[in-house]
Amino acid sequence: MKLRGASFAVYCGSSPGHDPAFLALAAGLGKALAHEGSTVVYGGASVGLMGAVADAALVGGGRVVGVLPESLRARELAHIRLSELHITDDMHARKLMMATRADGFIALPGGYGTWEEVLEVATWRQIGIHRKPIAVVNHAGYYDPLRAQIEQAVDAGFMHPSLRGFIRFVDDVDTALDYLRGYEPADDELAKFAKG
């Protein structure tokens, strides 16, 4: 996949987290995507990791598209300096717009909303709605429990082993970009687990 000209949905927290390293991670991702000539598509907020990704991408000369539901405009403090800001009727419309505009997905640490977004696009990939890459930056082992849950689901027979690879866990931003750069969807992706 060519990163220049591609758009990536970035899922992450609207809170900064307790460790300043989380904000630095988000800023690093925004800066790197801008440097690569990629567009950031994200939740539209000016606060937390979301704001750090957007600010760093903008400072780096990148294009940033925000998508924010009306109900969260005040709570998440809509970013006013974006390339584009779309206000949707609800969360469902927000997630659909972000996924549709994205060529791939990158997740940083976050809470319920971030987890739900990652699992939703993984589910959509499983049922054939898309074949886009999903990279989860597992900074300091933050996503180790999710990784373990996936393994448990496979071991218990609720997921075909081939589904493990639908979410690629990586340690840092550089590795995430390397994965996206080398990503090519397999033509027989669905066939691999349809028989299982």
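To check you understand DSSP bridge types, tell me what percent of the beta bridges within the chain (both residues inside) are antiparallel, rounded to 5. Mind dumping the intermediate values first?
Details: 1 of 23 bridges.
So the antiparallel bridges in the chain amount to around 5 percent.
Provide, for the chain, the number of lysine pairs with alpha carbons under 30 Å apart, each pair being eight or more places apart or on different chains.
10
Could you list T88, T123, T175, T114 so that the one with the fewest beta carbons within 10 Å of its beta carbon is first and the one with the most is last? All intermediate terms of the calculation are to be shown ahead of the outcome.
On the way: T88 19, T123 12, T175 15, T114 22.
Ascending Cβ contact count within 10 Å gives the list T123, T175, T88, T114.
Kindly put V137, V154 in sequence by how many other C-beta atoms sit within 10 Å of each C-beta, fewest to most. Please report the intermediate quantities before stating the final value.
Numbers: V137 24, V154 15.
Ranking V137, V154 by Cβ neighbours within 10 Å, fewest first, gives V154, V137.
Counting only residues 5 or more places away or on other chains, whose amide H sits under 5 Å from the amide H of T88 once H atoms are built in the peptide plane?
L68, E70
Roughly how many Å is it from the Cα centre of region 9-45 to that of region 115-166, as a whole number?
The two parts, judged by their Cα centres, are 21 Å apart.
So what are the radius of gyration and Dmax for the Cα set of region 59-196, in Å?
According to the Cα coordinates of region 59-196, Rg and Dmax are 16.3, 49 Å.
Pairs of alpha-carbon atoms within less than 8 angstrom and 6+ residues apart define the contacts here; what relative contact order does the chain have, in percent?
On the way: 371 pairs, mean separation 40.5, N = 196.
So the answer I get is 21 percent.
Using helices alone, what [θ] at 222 nm do you get for the chain, with -39,500 (n - 2.57) per DSSP H run of 4 or more residues, divided over all residues and rounded to the nearest 500? If you can, show how the numbers build up before the last one.
Details: 7 runs with 82 residues, N = 196.
Computed ellipticity for the chain at 222 nm equals -13000 deg cm²/dmol.
Mind listing which trypsin sites (Lys or Arg not before Pro) in region 48-122 are in a DSSP loop and have 15 or fewer other Cβ atoms within 10 Å? Don't skip to the end; give the middle numbers.
On the way: sites: R63, R73, R75, R81, R94, K95, R101; in loops: R73, R75, R81.
Qualifying residues, ordered by number: R73, R75, R81.
Bear in mind that the values in this text are calculations on the coordinates, not laboratory data. None of the values given here were measured: they were computed from a predicted structure. Backbone-built Cβ (ideal geometry, glycine too); neighbour counts: all protein chains shown.
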